[in-house]
1. For the condition in contact with a strand residue (DSSP E or B) (Cβ under 8 Å, 6 or more places away or on another chain), in a helix (DSSP H, G or I) and of a type in the set (Lys, Arg), what is the one hit in Lys200, Lys233?
2. Lys115 is checked against (1) surrounded by 18 or more Cβ atoms within 10 Å (Cβ to Cβ); (2) not assigned by TED's automatic domain parsing to the domain that holds Asn192 and fails just one. What number does that condition carry?
3. Residues of the stretch 146-197 being part of a loop (DSSP other than H, G, I, E, B), under 25 Å from the mean Cα position of the chain (by Cα) and closer than 19 Å to Val211 by Cβ, which ones?
4. If Asp312 passes every condition in (1) buried (at least 17 other Cβ atoms within 10 Å of the Cβ); (2) in a strand (DSSP E or B); (3) among the acidic types (Asp, Glu) but one, which one does it miss?
5. In this structure, is Tyr245 aromatic (Phe, Trp, Tyr) and within 19 Å of Arg295 (Cα to Cα)?
6. Output yes when any residue across the stretch 440-450 is surrounded by fewer than 19 Cβ atoms within 10 Å (Cβ to Cβ) and within 25 Å of Lys41 (Cβ to Cβ), and no when none is.
7. Looking at the structure I just gave you, is Ala90 within 18 Å of Ser422 (Cβ to Cβ), part of a helix (DSSP H, G or I) and not acidic (Asp, Glu)?
8. Restricting to the stretch 203-215, what's the tally of residues that are crowded, with 21+ Cβ neighbours inside 10 Å and part of a loop (DSSP other than H, G, I, E, B)?
Amino acid sequence: MDLKKKYERPVITKNYSGLMNKMGSATLTPPKTEICSVPVKRLVEQYGSPLFVMSEAGIRQNQKNFLRIFKTRYPKVQFAWSYKTNYLSAVCSVFHSEGSWAEVVSEFEYDRARKLGIKGNQIIFNGPDKNRQSLKKAISENSKIHIDHFDELFDIIDITNELDISADVAIRVNMDTGVYPKWDRFGFNFENGEAWNAIKRIVAQKNLNLVGLHTHIGTYMMTADAYRIAAKKLASLFMDIKKEYDIQLEYIDLGGGFASHNTLIGQYLPAEELVPSIEQYADAITSGIYDVQMRPDEMPMLILETGRALVDNTGYLISSVIANKRLSDGRRAIIIDAGVNILFTGFWYKHKISVAQDSGYHTEEATIYGPLCMNIDCIRESIILPTLNRGDQLVIEYAGAYDVTQWMQFITLRPNIVMIMSDGSVELIRKAESLDYIMQQELIPEKFQKK
């Protein structure tokens, strides 16, 4: 048995006399050698590096918990999974098996939901870009179409008259919730009467069924009170429609935007100390609805399109060290094989990053760079890490939201993605790209082809 200790090179670190700085002293974070009880080394050996890892059990637990919290505060709750957050088929399938509908914002996402077997009446069609072909499809399949602007409304009127069929529609409403800048580019404004104008036009059409109201007040919202204001305004509009037109809408939809526990760049305190809890979001939304006087039999279904907060903490990115360098000012630089092309949220967040093996006790400030030949390919400007050797692994956490929908095939190929199943087994859910895959859509003019 080899009892020889691992060699650590001597390092001279400059110490400053005086009081401790405001950041306090650094602590050594325990290595994250396993993800959901599966060794990181084993995952890399089998599927390569870099590697995205999703947790089935984590997704299910989040969805069950969110649903429980909202249902204990409001009797009629329906979640609709936000496809743009992560539209991997395996991820969407887990949410759908937990009872979630699909919330899509393009024909591409709509078709993905239908291909996964989601019925049209369980698809919420948002987004400002719905062409006539996608609208005809959604109307004929009885989807819930959330109208974003008047041009879209006029297209729907024209299509339903042309085909002599009815359409279930809602309107997207933007409003002042006390958060600035206001998200007023989506839908019709509440305060200036534009939303009411749209409602009047819809109820005047024999082929349009107004079934709901929708709002999406922002993203990574760090105040729950904004949702209370939004819920109250939608609920009051809901009651105004009932009083004016004797129409009982089916639902009000509060959209998404709940923050995850990923810490924003420039944020001093960690996200878990600043972000509202799901209980606080739920209390705010349901209180806003209850603030408007309505009988129990009048209360609409509450739809939520939560994305980031449901999936962010269920995704991981494993990366390997390519090299260590010293920058011109003496700082340590670590180069890893995962860049901002696949960790797009690295531009927004200070992801939690842990070593995946025992790495000694000496720590030092470092900058982490990706493998791209671009100076902007920086995963973390400053982080305290122990000594790392070429081939060592890092685990980047909170990588479940937006990375695999906003990633780019740039300079390197996109990697494998696996899901650790609830029973501990590991399934490949997206294959790594190959050169043939990348080039299959390209055409070479005949004059450039070698004979």
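The values are calculated or read from the model by the stated rules, or taken from the named source; none is laboratory data. Since the structure is predicted, the reported quantities are computational estimates derived from the model, not experimental observations. A quick note on method: Cβ atoms are made from the backbone with ideal geometry, for glycine too, and the neighbour counts reach across all protein chains shown.
1. Working: Lys200 fails: in contact with a strand residue (DSSP E or B) (Cβ under 8 Å, 6 or more places away or on another chain).
Going through Lys200, Lys233 in turn, just one is in contact with a strand residue (DSSP E or B) (Cβ under 8 Å, 6 or more places away or on another chain), in a helix (DSSP H, G or I) and of a type in the set (Lys, Arg): Lys233.
2. Lys115 satisfies all of (1) surrounded by 18 or more Cβ atoms within 10 Å (Cβ to Cβ); (2) not assigned by TED's automatic domain parsing to the domain that holds Asn192 except (1).
3. Initial filter on the stretch 146-197 (part of a loop (DSSP other than H, G, I, E, B)): 148-149, 164-166, 175-187, 190-193.
Still in the running and under 25 Å from the mean Cα position of the chain (by Cα): 148-149, 175-187.
Selection gives Asp148, His149, Phe186, Gly187.
4. Exception for Asp312: condition (2).
5. Values: aromatic (Phe, Trp, Tyr): yes; within 19 Å of Arg295 (Cα to Cα): yes.
Taking the combined requirement at face value, the residue satisfies it.
6. At the first step, the residues of the stretch 440-450 found to be surrounded by fewer than 19 Cβ atoms within 10 Å (Cβ to Cβ) are 440-450.
Restricting the remaining residues to those that are within 25 Å of Lys41 (Cβ to Cβ) gives none.
Checking the stretch 440-450: not a single residue is surrounded by fewer than 19 Cβ atoms within 10 Å (Cβ to Cβ) and within 25 Å of Lys41 (Cβ to Cβ).
7. Details: within 18 Å of Ser422 (Cβ to Cβ): yes; part of a helix (DSSP H, G or I): yes; not acidic (Asp, Glu): yes.
Considered against the rule, which asks whether it is within 18 Å of Ser422 (Cβ to Cβ), part of a helix (DSSP H, G or I) and not acidic (Asp, Glu), Ala90 comes out as yes.
8. Final tally of qualifying residues: 1.
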